[in-house]
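Asks: Take this structure, written in structure tokens, and hold onto it; I'll ask about it next.
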Amino acid sequence: MFKILKQVGDYAKGTIEAAKYIGEGLSVTFDHMRRRPVTVQYPYEKLIPSERYRGRIHFEFDKCISCEVCVRVCPINLPVVDWEFNKEVKKKELKHYSIDFGVCIFCGNCVEYCPTNCLSMTEEYELATYDRHELNYDNVALGRLPYKVTQDPMVTPLRELGYLPKGVLDPHDLPAGSQRSGKRPEEIIEDTKS
Ligand code: SF4
Ligand code: SF4
């Protein structure tokens, strides 16, 4: 008799402990169900890169004076500037320009030091290819206008955390006109001028 009562007691104790653990597990689940989603449904949704994002470099052929400053300031002497000296006009004539994005570290030195501003960093970051040689962009590929997330009709652009209004963590269903917290770079420049 004593033994049966002890077994029933142990069984009840085990049941209560199991219920406690299930409750603890479910409390974590329910807690997450109340939280806002922070996932981005790529490639249907994409984050808008920040203003200073250093993506694929854009090159303007007509502005280049073949000075090769970009090569000298590049930590790996990467840009290839192929020019010929035109004796008639006594000027360098650019024939070909290329940057291999399979090697580039996107440091932005070339863009920073180019005297004619013919290089600029874009917000394009989807550069993946099956063949690494395709990452060697010639002046035609470099001259292609940058791809913008906000102009792609197939994609829902989402603002990244840096763009969200103060206290908002979810970029979904954000009203179109809602301002981000903090000032934009042009507003900061205006402030310093005044
Ligand atoms: S620094 Fe600018 S202008 Fe000079 S070669 Fe490079 S891209 Fe051309
Ligand atoms: S971004 Fe940096 S690594 Fe890439 S080409 Fe320019 S200077 Fe070289």
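The values are calculated or read from the model by the stated rules, or taken from the named source; none is laboratory data. Bear in mind the structure is a predicted one, so any value in this text is a computation, not a measurement. Counting neighbours? That spans all protein chains shown, and the Cβs are built from the backbone with ideal geometry, glycine included. The area values use the complete protein model at the heavy-atom level, side chains included, leaving out ligands, DNA and RNA. Shrake-Rupley method; radii C 1.70, N 1.55, O 1.52, S 1.80 Å.
Asks: Condition check: closer than 16 Å to Ser50 by Cα, more than 14 Å from ligand 2 (Cβ to nearest atom), of a type in the set (A, V, I, L, M) and without any contact (Cβ under 8 Å) to a residue 24 or more places away in the chain. Does Leu164 satisfy that?
Replies: So Leu164 passes the test.
Asks: Please determine, by comparing only the residues of segment 97-144 that are small (Gly, Ala, Ser) and more than 16 Å from ligand 1 (Cβ to nearest atom), which one is least open to solvent (accessible area, probe 1.4 Å).
Replies: The residue in question is Gly102.
Asks: If you don't mind, there's one more thing I want to ask. Looking at segment 84-96 only, could you name the residues that are loosely packed, with under 15 Cβ neighbours inside 10 Å and either assigned to a strand (DSSP E or B) or within 14 Å of ligand 1 (Cβ to nearest atom) (or both)?
Replies: Selection gives Glu84, Phe85, Asn86, Lys91, Glu93, Lys95, His96.
Asks: Follow-up. Scan segment 66-76 residue by residue and report those that are more than 8 Å from ligand 2 (Cβ to nearest atom) and out of contact with any Leu (no Cβ under 8 Å at 6 or more places or on another chain).
Replies: Cys67, Glu68, Val69, Arg72 - these are the residues of segment 66-76 that are more than 8 Å from ligand 2 (Cβ to nearest atom) and out of contact with any Leu (no Cβ under 8 Å at 6 or more places or on another chain).
Asks: Anything in segment 33-83 that is in a loop (DSSP other than H, G, I, E, B), open to solvent by 90 Å² or more (accessible area, probe 1.4 Å) and under 18 Å from Tyr137 (Cβ atoms)? List them, or say none.
Replies: Those that are in a loop (DSSP other than H, G, I, E, B), open to solvent by 90 Å² or more (accessible area, probe 1.4 Å) and under 18 Å from Tyr137 (Cβ atoms): Arg54, Asn77.
Asks: In segment 41-65, what residues are more than 16 Å from ligand 2 (Cβ to nearest atom) and of a type in the set (Val, Ile, Thr)?
Replies: Matches in segment 41-65: Ile48, Ile65.
Asks: Considering only segment 77-108, state which residues are aliphatic (A, V, I, L, M) and more than 16 Å from ligand 2 (Cβ to nearest atom).
Replies: Val89, Leu94
Asks: Just name the residue that is nearest to ligand 1 (Cβ to nearest atom) out of those in segment 145-158 that are surrounded by 12 or more Cβ atoms within 10 Å (Cβ to Cβ) and not in a helix (DSSP H, G or I).
Replies: Among those residues, the one meeting the criterion is Pro146.
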